[in-house]
Structure formats: structure tokens, C-alpha cells
Amino acid sequence: MNVVLFGPPGAGKGTQAKELIKKYNIPHISTGDILRANVRDGTELGKEAKGYMDRGELVPDSVLIGLIRNRLNEDDCEDGYLLDGYPRTIPQADALDGILREIGKPLDVVINIDVSDDKLVERLSGRRTCPNCGESYHVVFNSPEKQGICNVCGSQLYQRDDDREEVIRQRLTVYNQKTKPLIDYYDKAGILVNIDGSNNVDKVFQAVSGVMDKYK
Ligand code: AMP
């Protein structure tokens with residue numbers, strides 16, 4: 001099953017993906033997670049990406065296209081993949097199309113999780129993330145059992161630099177300008193499905209699973 005989980009920052013793609021990969025047994029490929037791991041490890045890629053990420057801008061297409069090409073060629077993608085955070089521009093989508101044709105794993109479906117801007121700001125500004133296992137929480141809607149501590153691995157939670165309000169606004173502007181046009185792109189390709197992402201996590205999971213079940 002070859003799936004793109006699409007939507008603005010804060011739509012809940014990462015949260016949904018964590019559960020979906022357990023159910024469908026395919027790898028979760030989050031370009032944001034891959035880039036953050038590189039920043040944390042101080043790699044060349046991480047050094048190049050950090051400034052863009054901290055400002056809420058997109059890392060250049062050439063960097064992302066190389067990264068995704070390598071990742072999709074790994075063995076664990078044999079039976080499918082769940083892409084999250086890629087593609088984010090038309091050139092990235094065109095490149096993806098070419099890569100998937102080369103490796104013979106075309107997209108089955110693009111699931112767009114739709115959420116209003118106000119709700120996104122509320123979600124992102126309250127988000128707290130575990131630097132170790134990537135689990136995410138919300139100060140009001142999904143607080144950890146022990147304040148500031150990850151339920152899963154016990155690490156101290158932090159606020160991502162790009163989850164500060166001024167950077168959130170910039171990320172949403174970038175989303176609206178560069179990424180949102182992909183909704184039309186995939187709609188024209190006949191593989192887009194829209195999901196209402198304003199509901200709670202369980203309801204959104206049911207809706208997304210309902211779509212993915214068709215491609216099992
Ligand atoms: P995310 O965790 O998906 O919200 O991504 C965090 C940040 O990583 C984004 O704001 C971008 O700076 C960068 N990033 C992740 N995926 C991409 C992509 N496909 N294209 C360009 N930049 C990306």
C-alpha cells in the first residue's frame with residue numbers, strides 16, 4: 001500500500017502515522033523526523049537544513065528529492081510506505097512521480113487531513129515533543145502523565161523551535177503558498193481523498209483507516 005498522508009503542519013499527520021503503521025505494517029517516512037534526527041546528530045545534511053527549519057521555511061527541493069529517493073529504495077519499502085511531510089512542492093511531487101515510476105511503486109492514494117488555520121495554531125503552539133522517541137503531546141488536550149516528561153521513554157519534553165507562534169505563522173504561509181496547490185495536483189490525478197481533521201484523534205484514525213483499508 002503506497003500512501004501519502006497530506007495536510008498542513010499541525011493536522012495530526014505524525015500522530016496518525018504512528019498508529020497507522022502498526023495497523024498496516026508499512027514504514028512511516030517522515031521527512032521532518034529524518035531532518036530533525038540529522039540536526040540532532042550534527043550531520044552535513046542537518047547543518048544545511050537547520051536554518052531553514054528554524055525559520056519555518058522549506059529546505060531546498062534538491063536536498064529533499066535526494067533524501068526521499070534514497071529512503072524509498074530501502075528494503076523496508078518493498079510492500080509499501082506511508083509518506084508524511086513529503087511532497088511539499090510541485091517539483092517534489094513531480095520528482096516523486098518519476099522515482100516511483102522507476103521503482104514500480106506508484107501512489108495508491110493521497111489522504112488530505114483538512115484543518116482550519118486557527119485550530120492549527122492552537123494545536124502547534126501547545127505541542128510538546130519528546131526529543132528521544134518523537135512522541136508528541138499537547139499542554140491542554142493531551143498532557144503527559146507527569147508534567148514535562150514523556151510517558152513512553154521518560155525523557156524531558158521540549159517545544160520544537162518551529163512550534164513558536166511567529167514561526168508557526170510562517171509555516172502556515174509557506175504551506176498555503178507552496179504546498180496547498182498539491183491538493184489540486186493530486187485531485188486532477190484522481191487519487192486525492194479529503195478527511196475532516198478537526199475531529200478527535202480516534203475519529204480521524206477511523207476515517208483514514210476506512211480509506212486505507214481499500215488498498216490492503
Ligand atoms: P514537519 O515535521 O513535517 O513539520 O517538518 C519540519 C520542517 O522540516 C519543515 O518546516 C521544513 O523546514 C522541513 N521539511 C520537512 N519536510 C520537508 C519537505 N518535504 N520539503 C522541504 N522542507 C521540509
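The values are calculated or read from the model by the stated rules, or taken from the named source; none is laboratory data. Small disclaimer: the values here were computed from a predicted structure and weren't measured. Neighbour counts are summed over all protein chains in view; Cβ atoms, including those assigned to glycine, are modelled from backbone coordinates with ideal geometry. When the accessible area is computed, the model is the full protein with side chains, heavy atoms only, and any ligands, DNA or RNA have been set aside. Shrake-Rupley method; radii C 1.70, N 1.55, O 1.52, S 1.80 Å.
Structural remarks
- Given (1) more than 30 Å from Y185 (Cβ to Cβ); (2) surrounded by fewer than 19 Cβ atoms within 10 Å (Cβ to Cβ); (3) not small (G, A, S), index of the condition E122 fails: (1)
- Of all the numbered requirements in (1) in contact (Cβ under 8 Å) with a residue 24 or more places away in the chain; (2) touching a strand residue (DSSP E or B) at 6+ places or on another chain (Cβ under 6 Å), G126 misses one, and that requirement is (1).
- Where a residue in region 145-167 is within 18 Å of C133 (Cβ to Cβ) and its partner, wherever it lies, is of a type in the set (V, I, T), with Cβ under 6 Å and at least six apart: R160/T129
- Selection from region 40-55 of residues that are part of a helix (DSSP H, G or I) and either in contact with a Phe, Trp or Tyr (Cβ under 6 Å, 6 or more places away or on another chain) or open to solvent by less than 80 Å² (accessible area, probe 1.4 Å) (or both): L45, G46, A49, G51, Y52, M53, D54
- Number of residues in region 119-157 that are assigned to a strand (DSSP E or B) and over 21 Å from P8 (Cα atoms): the value is 2.
- Residue list for region 97-116, filter: within 16 Å of the ligand (Cβ to nearest atom), over 16 Å from M1 (Cα atoms) and not β-branched (V, I, T): G98, N112
- Test: residue in region 16-39 that is more than 10 Å from the ligand (Cβ to nearest atom), outside any helix (DSSP H, G or I), open to solvent by 40 Å² or more (accessible area, probe 1.4 Å) and at positive phi: yes
- Considering the conditions (1) buried (at least 17 other Cβ atoms within 10 Å of the Cβ); (2) assigned to a helix (DSSP H, G or I), I183 is excluded by exactly one of them, (1).
- Verdict on E78 being away from the ligand (no atom under 13 Å from the Cβ), at pLDDT 95 or above and open to solvent by 20 Å² or more (accessible area, probe 1.4 Å): no
- Single residue of region 81-97 satisfying the filter (among the hydrophobic types (A, V, I, L, M, F, W, C) and open to solvent by 10 Å² or more (accessible area, probe 1.4 Å)) that is farthest from D163 (Cα to Cα): A95
- Test: residue in region 42-51 that is within 19 Å of G7 (Cα to Cα) and either at pLDDT 95 or above or within 8 Å of the ligand (Cβ to nearest atom) (or both): no
- Some residue of region 109-118 being farther than 21 Å from R160 by Cβ, open to solvent by 70 Å² or more (accessible area, probe 1.4 Å) and assigned to a helix (DSSP H, G or I): no
- Reported count of residues in region 158-180, each being farther than 12 Å from R55 by Cα and either within 10 Å of the ligand (Cβ to nearest atom) or not in a helix (DSSP H, G or I) (or both), is 6.
- Residues of region 56-72 that turn out to be more than 12 Å from the ligand (Cβ to nearest atom) and either within 11 Å of R88 (Cα to Cα) or open to solvent by 40 Å² or more (accessible area, probe 1.4 Å) (or both), as a count: 2
- Residue list for region 180-207, restricted to those being under 20 Å from A93 (Cβ atoms) and among the hydrophobic types (A, V, I, L, M, F, W, C): L182, I183, A189, I191, L192, V193, I195
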